[in-house]
Amino acid sequence: MKRLALISAALFVALAGVAAGAAIYFRPAFVFGEPKSDEPLAHAVPSYAAKAVNEMQARDATLRLVEQLGAIQDKIIHGDRAALADQARLLRDIAGELRQFGPGDWSDYINVRTSLLYVLSGGDAHVLTPLIDGNVLGAADQKLAAGIVSFAQGQPRAARKLFMEIDPRSLDVSLVGPFALARASLYLDDNQAKAIELLDDARLACPHTAIDEAATRRQIPILIGMGERNRALMLTTSYVREFGKSIYASKLLREFAEATAKRGDMDDPEIVDRLADSFDDRDMPVASELFIAVAGEALLQGRLKLARAAADRILKIGNAAAPETLDKARLYRAAAEAPSADAGDALRALNQITADRLSDDDTEIREVAGFIAKSVVGNDIAAGRGDIKVRAGGTIAENPILPKAAAALGKADALLNEADQIIARSEK
């Protein structure tokens, strides 16, 4: 009997061990407690199930208006300035619709998604207040909505904190691009690599749209600043071809020129050649505006090779460029040649440009360039040529020039030193 009892006890212990092991394997929470999940909080998914007629009508009407808003914004980035008024009207109309939403409307995630898209598209963030205060959202969507409100109301720190753990690709497909674009703007100053990553997400999610245009426009100057020349030039070509008529294109052209002129490694005629070779004839009006922006900014930063190459390219484009752009190109080319062995030609070109056709900034550039050219060629050659008179042996101090004008060719002292070297070589 004792032996039977021992065998029974052993079997009981063994079976108990098996049972405990199974419990640990299949339900570890029994022993170790619930594990902490590293998975991000899930966002809601739209349901298209049938609802009451009035709810369906409100949902569909608002959704159509937001879709119209996207279409209008796409018109704007293709040059339709009249669409700006339509955009303003739609933004007001959508806000009016959303303010009429009650708790039942906010329980429909399609309405939630539509309202978030509206605010990310430039709409009034106050329409989301009832949604956030109503506590109808899950934790992930509550953070998303609160972050979008903070972003729209100009509170970048709060928005950045709320967006921190939200992957754009975890959102409904209609929100991916607008959200990525918005979040990227929060990293432009202190984490440009992150900004580029998010801008890539935005472009890939919404190709050929206003989101794509805005993301590309923001990326290009950043890439230039980071030294990613090849990618920046590729995107610039793409932008000019597809979005060259955008009402925001002038902003990109200016920022491209500023970013390029700041970098010494971009003082290279190859930059202009590569861009020019990538454009078609139909791109030349916009390309000429790009090159004139580059020439002017390069001149101000003392990047004379780049300035001359850009101005030369505009003159080659010819009548495809606007008349005023051609006038600027002649001025900028002459100014870039002033501290060089071509100073005589530069001076003659400068004297043929009448000041009454120039802006104040360009008039200053003409004055400084004329002074430098005369310093190079000497008074005997300069005498009687134009209305800029420089005293023999004159210096910048003896010939007062506005401080801003002195910056027109970068560092005037450096340019004059170069001019002195040319004079010295010519006297040998």
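Between residue 341 and residue 126, the C-beta separation translates, for a Förster distance of 60 Å, into a calculated FRET efficiency of about 0.40.
Sorting 179-188, 77-86, 330-339 by average packing, meaning the other beta carbons within 10 Å per residue, from highest down gives 330-339, 179-188, 77-86.
Computed in the context of the full set of protein chains, the accessible area of the range 168-222 at 1.4 Å probe radius has 52% of its extent on carbon or sulfur.
Would you please give the FRET efficiency between residue 194 and residue 100, computed as 1/(1 + (r/R0)^6) with r the Cβ-Cβ distance and R0 = 56 Å, to the nearest 0.05? That gives a FRET efficiency of 0.90. Length gained on full extension, residue 164 to residue 330, computed as 0.36 nm times the residue gap minus the Cα-Cα distance: 54.7 nm. If you sort the three axes of the alpha carbon gyration tensor as a ≥ b ≥ c, you get a/c of 1.5 or more for the range 209-331 and a/b no higher than b/c, which makes it oblate. The calculated FRET efficiency for residue 282 paired with residue 61, based on their beta-carbon distance and R0 = 56 Å, is about 0.90. Overall, the accessible surface of the range 241-377 at a probe of 1.4 angstrom is composed of carbon and sulfur to the extent of 44 percent. Using the average count of surrounding beta-carbon atoms within 10 Å as a protection proxy, the listed peptides 212-219, 141-148, 155-162 rank, highest first, as 212-219, 141-148, 155-162.
Each of the peptides 286-292, 87-93 was scored by the mean count of other Cβ atoms within 10 Å over its residues; in descending order, highest first, they stand as 286-292, 87-93. If the chain linking residue 153 and residue 228 were pulled fully straight, counting 0.36 nm for each residue of separation and taking away their Cα-Cα distance, it would gain 23.7 nm.
The separation of the range 243-293 from the range 85-131, counted between C-alpha centres, amounts to 38 Å.
Taking label positions 7 Å along the Cα-Cβ direction at both residue 273 and residue 80, the computed distance is 4.2 nm, reported to one decimal. The aspartates and glutamates within cross-link reach of residue 328, meaning a Cα-to-Cα straight distance under 18 Å and a gap of 8 or more places when in the same chain, are 258, 289, 297, 312, 337, 345, 356, 360, 361, 362, 364, 367.
The residues of the range 190-266 expose on average 41 square angstrom of accessible surface per residue, using a 1.4 Å probe on protein heavy atoms.
Think of a 1.4 Å ball rolled over the protein heavy atoms: the range 57-120 then has 44 Å² of accessible area per residue.
The values are calculated or read from the model by the stated rules, or taken from the named source; none is laboratory data. Since we're looking at a predicted model, the values are computed, not measured. As a convention, Cβ positions derive from the backbone with ideal geometry for all residues, glycine included, and neighbour counts pool all protein chains shown. Please note that ligands, DNA and RNA were not included when accessible areas were found on the heavy atoms of the full protein model with its side chains. Shrake-Rupley method; radii C 1.70, N 1.55, O 1.52, S 1.80 Å.
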